[in-house]
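To start, the structure itself, in structure tokens.
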């Protein structure tokens, strides 16, 4: 059985922009296994970008798109896991973006693999299973 997938912001952005390699894998995954999982943090990042660009039509389409996906909220457990990741990264002399830490914590909390093209920033997070749906 393939892993359940949480999509990172970059992969979802590639999908929404129509990158053929990501669209193919994304659609095939959902056809076979049902909707992917999306963190509330990813939604915040994408909506923030669309609002900054005043892309109202894209924002409307995105809001419709996420209605049929599995949305994972940030809760107390996510916060605890994120603080553990922050502590580990500081102790090992590494760091990562704040959004990335919460996305990683969400994947770990829900025992999901994370589909990302941002392997460098996530590679230092212990217990996080990474897959890359970006072929190019």
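Each reported figure results from applying straightforward, stated rules to the coordinates on display, with no laboratory input. Not measured: the values here are computed from a predicted model. No Cβ is skipped: glycine too gets one built from the backbone with ideal geometry, and neighbour counts run over all protein chains shown.
Is it the case that some residue within segment 71-84 is touching a strand residue (DSSP E or B) at 6+ places or on another chain (Cβ under 9 Å), within 25 Å of residue 29 (Cβ to Cβ), outside any loop (DSSP other than H, G, I, E, B) and without any contact (Cβ under 8 Å) to a residue 40 or more places away in the chain?
The answer is yes; a qualifying residue exists.
With 37, 14, 29 as the choices, which residue is out of contact with any helix residue (DSSP H, G or I) (no Cβ under 9 Å at 6 or more places or on another chain), surrounded by 12 or more Cβ atoms within 10 Å (Cβ to Cβ) and closer than 18 Å to residue 130 by Cα?
29
Any idea which residue in segment 85-96 is farthest from the chain's Cα centre (by Cα), counting only those that are loosely packed, with under 13 Cβ neighbours inside 10 Å and in contact (Cβ under 8 Å) with a residue 24 or more places away in the chain? Walk me through it before giving the result.
Residues of segment 85-96 loosely packed, with under 13 Cβ neighbours inside 10 Å: 87, 90-94.
Restricting the remaining residues to those that are in contact (Cβ under 8 Å) with a residue 24 or more places away in the chain gives 92, 94.
Numbers: 92: 24, 94: 20 Å.
Per the criteria, the residue is 92.
Considering only segment 103-120, I want to know if a residue exists there that is within 21 Å of residue 5 (Cβ to Cβ), in contact (Cβ under 8 Å) with a residue 24 or more places away in the chain, touching a helix residue (DSSP H, G or I) at 6+ places or on another chain (Cβ under 7 Å) and surrounded by fewer than 16 Cβ atoms within 10 Å (Cβ to Cβ).
Taking every residue of segment 103-120 in turn, none turns out to be within 21 Å of residue 5 (Cβ to Cβ), in contact (Cβ under 8 Å) with a residue 24 or more places away in the chain, touching a helix residue (DSSP H, G or I) at 6+ places or on another chain (Cβ under 7 Å) and surrounded by fewer than 16 Cβ atoms within 10 Å (Cβ to Cβ).
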